[in-house]
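What follows is a short report on a single structure.
The values are calculated or read from the model by the stated rules, or taken from the named source; none is laboratory data. The model shown is predicted, which means the values in this text are computed figures rather than measured ones. Here the Cβ positions follow ideal geometry from the backbone for every residue, glycine too, while neighbour counts run over all protein chains shown. To get the accessible areas, we keep the full protein, side chains included, count just its heavy atoms, and leave off ligands, DNA and RNA. Shrake-Rupley method; radii C 1.70, N 1.55, O 1.52, S 1.80 Å.
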Amino acid sequence: MSTAIDTRGLSCPQPVMMVQQAIEKGSFPLEVLADTVTARENIVRFAERKGLKVQVTEQEDEFTLVISK
Amino acid sequence: MREKISKFFASYWGIILVGAIIGILGPVLQYLGNPPNMGICVACFERDIAGALGLHRAGVVQYIRPEIIGFVLGSTVAALLFREFKARAGSAPIVRFVLGVFAMIGALVFLGCPWRAGFRLAGGDMTALVGILGLVGGIWIGVAFLRSGFNLGPSKKTYPAVGWIMPIMMVGLLLLLIFRPVFSEGGPIFFSESGPGSMAAPILISLGAGLLIGFLAQRSRFCTMGAVRDVILLRDYRLLSGVVALVVVATVTNLALGQFKFGFAGMPIAHSNILWNILGMVLAGLAYALAGGCPGRQLFLAGEGNGDSAIFVLGMITGAAISHNFNLAGKADAMVDGVLQVGGISQYGMIAVGIGLVACLVIGFTMRQKTA
């Protein structure tokens with residue numbers, strides 16, 4: 001069962017902070033919705049720094065990121 | 001190709017390159033005519049624009065700065081080319097306006113935005129150090145609010161026209177700069193005949209530098225507030241490495257151009273009143289942190305269609321008018337008959353900083369979402 005986080009509309013650093021909290025809770029795989037490239041870049045960089053894998057798919061200006069161990 | 005460029009700018013080397021380019025351009029703009037240790041200053045230049053439009057009547061700081069126009073339009077070009085131009089708005093606009101006003105009041109007490117703090121330091125002005133200390137303190141308070149759930153709420157996608165308003169306003173300013181219309185005897189438009197407002201690099205060079213920086217900063221997300229915030233909040237040093245590159249390269253460029261003058265007082269367009277240099281920047285740093293970006297970053301975001309950042313920018317321009325009309329801005333150190341007269345701020349400026357800090361704290365405490 002994956003956990004979903006919706007960061008759409010939120011500006012940085014909110015999206016990364018939400019992901020950070022979810023990662024700390026250890027809920028994987030983590031599905032994150034984002035609607036800016038900045039949020040996508042920041043979340044990917046943050047997750048990779050934590051040694052996690054990130055898969056990104058783009059659909060109509062929005063991104064779905066799946067973060068897993 | 002587009003993907004490769006984006007990846008580069010999202011990397012450490014990308015932001016370091018952007019910081020280094022800004023670090024070269026600032027001192028070069030100064031060399032070509034911009035005010036001392038003010039090759040680029042977003043707060044000061046927006047203040048000059050407010051003066052040119054007659055929103056304040058401080059005769060020495062009135063000029064339509066092409067750099068600001070370039071920052072917004074360069075960002076717009078980058079956002080369009082890389083399909084990132086998105087009109088969005090509606091995240092507590094009035095709060096962002098107020099934060100913009102107090103951000104400017106704080107910045108003008110110190111006499112500079114974070115970019116100028118870096119350029120002042122790079123020019124040998126050690127009074128900038130306490131300003132930077134205050135800035136970090138203000139951002140640290142902002143991060144504490146972020147950690148406790150502070151959030152201005154989500155923005156919404158909206159009509160493209162909303163995103164175009166700030167770029168179009170900048171085109172309007174450019175036209176006013178080029179044609180210099182006089183609307184009544186003596187102005188507006190006002191252009192300073194003495195003082196910092198009269199000191200300017202050639203328009204085309206300033207505009208070109210602004211466009212280049214706007215483009216690069218949009219791609220790399222360059223932000224001085226974010227640099228400090230990301231280190232405190234996320235232990236992420238990427239943005240900070242860009243800011244460090246700016247200061248290091250600007251120092252070297254200043255040395256090469258003979259513009260480096262080391263000192264703790266009597267520095268150009270700066271005062272050495274430690275307490276108010278710190279407190280002014282605490283206020284500014286807190287306002288930037290709550291609004292999610294330094295003055296430069298807000299211009300770049302406004303350029304890519306963010307209506308909330310555009311409101312922050314208008315708040316800053318209004319704040320500049322308030323600062324000078326109500327005698328809140330810092331006065332620079334001056335030499336009078338060979339004696340150093342330490343500058344500082346008026347009692348009104350002190351009261352305004354106090355009001356600003358209270359306002360920011362109220363905003364910080366009252367706009368928190370409980371996290372699950």
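Does any residue of segment A:32-44 turn out to be open to solvent by 60 Å² or more (accessible area, probe 1.4 Å), away from chain B (no Cβ under 11 Å) and modelled with pLDDT of 90 or more?
no
Does at least one position in segment B:313-321 carry a residue that is more than 22 Å from B:Gly90 (Cβ to Cβ), surrounded by fewer than 20 Cβ atoms within 10 Å (Cβ to Cβ) and in contact (Cβ under 8 Å) with a residue 24 or more places away in the chain?
Within segment B:313-321 (the criterion being more than 22 Å from B:Gly90 (Cβ to Cβ), surrounded by fewer than 20 Cβ atoms within 10 Å (Cβ to Cβ) and in contact (Cβ under 8 Å) with a residue 24 or more places away in the chain), the answer is no, since none of the residues qualifies.
Does B:Leu80 meet the test of being surrounded by fewer than 22 Cβ atoms within 10 Å (Cβ to Cβ), over 28 Å from B:Leu211 (Cα atoms) and free of Cβ contacts under 8 Å to residues at least 40 places away in the same chain?
no
Considering each residue of segment B:145-168, count those that are touching a residue at least 60 places away in the same chain (Cβ under 8 Å) and either among the small types (Gly, Ala, Ser) or over 21 Å from B:Met367 (Cβ atoms) (or both), and give that number.
Result for segment B:145-168: 15.
Residues of segment A:45-55 being open to solvent by 50 Å² or more (accessible area, probe 1.4 Å), within 12 Å of chain B (Cβ to nearest Cβ) and not charged (D, E, K, R), which ones?
Selection gives nothing.
Which of the residues belonging to segment A:12-31 are surrounded by fewer than 22 Cβ atoms within 10 Å (Cβ to Cβ) and assigned to a loop (DSSP other than H, G, I, E, B)?
A:Gly26, A:Ser27, A:Phe28, A:Pro29
Of everything in segment A:45-69 that's in contact with a Lys or Arg (Cβ under 9 Å, 6 or more places away or on another chain) and assigned to a loop (DSSP other than H, G, I, E, B), which residue is modelled with the lowest pLDDT? Walk me through how you get there before you give the answer.
Step one: of segment A:45-69, the residues in contact with a Lys or Arg (Cβ under 9 Å, 6 or more places away or on another chain) are A:45, A:47, A:49, A:51-53, A:56, A:58, A:61-63, A:65-69.
Those still in the list that are assigned to a loop (DSSP other than H, G, I, E, B) too: A:51-52, A:61, A:69.
Working: A:Gly51: 93, A:Leu52: 95, A:Asp61: 84, A:Lys69: 88.
Here the residue is A:Asp61.
Looking at this structure, is B:Gly210 within 12 Å of another protein chain (Cβ to nearest Cβ) and assigned to a helix (DSSP H, G or I)?
Numbers: within 12 Å of another protein chain (Cβ to nearest Cβ): no; assigned to a helix (DSSP H, G or I): yes.
Judged against the criteria, B:Gly210 is not a match.
Restricting attention to segment B:137-152, which residues are surrounded by 15 or more Cβ atoms within 10 Å (Cβ to Cβ) and at the interface with another protein chain (Cβ under 10 Å from one of its Cβ atoms)?
B:Val143, B:Leu146, B:Phe150, B:Asn151, B:Leu152
Would it be correct to say that B:Ile278 is surrounded by fewer than 24 Cβ atoms within 10 Å (Cβ to Cβ), under 14 Å from the mean Cα position of the chain (by Cα), within 29 Å of B:Ile24 (Cα to Cα) and touching a residue at least 12 places away in the same chain (Cβ under 8 Å)?
no
Table: residues versus (1) away from chain A (no Cβ under 12 Å); (2) surrounded by 24 or more Cβ atoms within 10 Å (Cβ to Cβ).
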residue	(1), (2)
B:Arg229	no, yes
B:Tyr237	no, no
B:Gly242	yes, yes
B:Ser272	yes, no
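Yes or no: segment B:196-205 includes at least one residue that is within 14 Å of another protein chain (Cβ to nearest Cβ), in a helix (DSSP H, G or I), modelled with pLDDT of 95 or more and open to solvent by 10 Å² or more (accessible area, probe 1.4 Å).
There is no residue in segment B:196-205 that is within 14 Å of another protein chain (Cβ to nearest Cβ), in a helix (DSSP H, G or I), modelled with pLDDT of 95 or more and open to solvent by 10 Å² or more (accessible area, probe 1.4 Å).
Taking segment B:67-115 as the search range and keeping residues that are among the aromatic types (Phe, Trp, Tyr) and within 13 Å of another protein chain (Cβ to nearest Cβ), which one is farthest from B:Leu174 (Cα to Cα)?
So, considering only residues that are among the aromatic types (Phe, Trp, Tyr) and within 13 Å of another protein chain (Cβ to nearest Cβ), the one farthest from B:Leu174 (Cα to Cα) is B:Phe82.
Of the residues that sit in segment B:153-190 and are of a type outside the set (S, T, N, Q) and within 14 Å of chain A (Cβ to nearest Cβ), which one is most open to solvent (accessible area, probe 1.4 Å)?
So the residue we want is B:Lys156.
Which of the residues that make up segment A:51-69 are within 11 Å of the chain's Cα centre (by Cα), among the β-branched types (Val, Ile, Thr) and farther than 17 Å from A:Gly9 by Cβ?
Those that are within 11 Å of the chain's Cα centre (by Cα), among the β-branched types (Val, Ile, Thr) and farther than 17 Å from A:Gly9 by Cβ: A:Val54, A:Val56, A:Val66, A:Ile67.
Given the conditions (1) open to solvent by less than 10 Å² (accessible area, probe 1.4 Å); (2) acidic (Asp, Glu); (3) modelled with pLDDT under 95, and given that B:Asp337 satisfies all but one, which numbered condition is not satisfied?
Tallying (1) open to solvent by less than 10 Å² (accessible area, probe 1.4 Å); (2) acidic (Asp, Glu); (3) modelled with pLDDT under 95, B:Asp337 fails exactly one: (1).
If you go through segment B:251-269 one residue at a time, do you hit one that is within 22 Å of B:Gln298 (Cβ to Cβ) and touching a residue at least 12 places away in the same chain (Cβ under 8 Å)?
Of segment B:251-269, the ones within 22 Å of B:Gln298 (Cβ to Cβ) are none.
No: segment B:251-269 contains no residue that is within 22 Å of B:Gln298 (Cβ to Cβ) and touching a residue at least 12 places away in the same chain (Cβ under 8 Å).
Collect the residues in segment B:86-113 that are open to solvent by 10 Å² or more (accessible area, probe 1.4 Å) and assigned to a helix (DSSP H, G or I), keeping them in residue-number order.
Of everything in segment B:86-113, those that are open to solvent by 10 Å² or more (accessible area, probe 1.4 Å) and assigned to a helix (DSSP H, G or I) turn out to be B:Pro93, B:Ile94, B:Val95, B:Arg96, B:Phe97, B:Val98, B:Val101, B:Phe102.
Which one of B:Ala310, B:Ala359 is at pLDDT 95 or above and either under 23 Å from B:Gly266 (Cβ atoms) or within 14 Å of chain A (Cβ to nearest Cβ) (or both)? Spell out the reasoning first.
Working: B:Ala359 fails: either under 23 Å from B:Gly266 (Cβ atoms) or within 14 Å of chain A (Cβ to nearest Cβ) (or both).
The unique qualifying residue is B:Ala310.
Which residue out of B:Thr224, B:Thr251 is of a type in the set (Val, Ile, Thr) and open to solvent by less than 20 Å² (accessible area, probe 1.4 Å)? Lay out the reasoning, then the answer.
Numbers: B:Thr251 fails: open to solvent by less than 20 Å² (accessible area, probe 1.4 Å).
It is B:Thr224.
Listed residues B:Ile64, B:Ile15, B:Ile40; which is buried (at least 24 other Cβ atoms within 10 Å of the Cβ), within 13 Å of chain A (Cβ to nearest Cβ) and aliphatic (A, V, I, L, M)? Before the answer, list the steps.
Values: B:Ile64 fails: within 13 Å of chain A (Cβ to nearest Cβ); B:Ile40 fails: within 13 Å of chain A (Cβ to nearest Cβ).
Only one candidate qualifies: B:Ile15.
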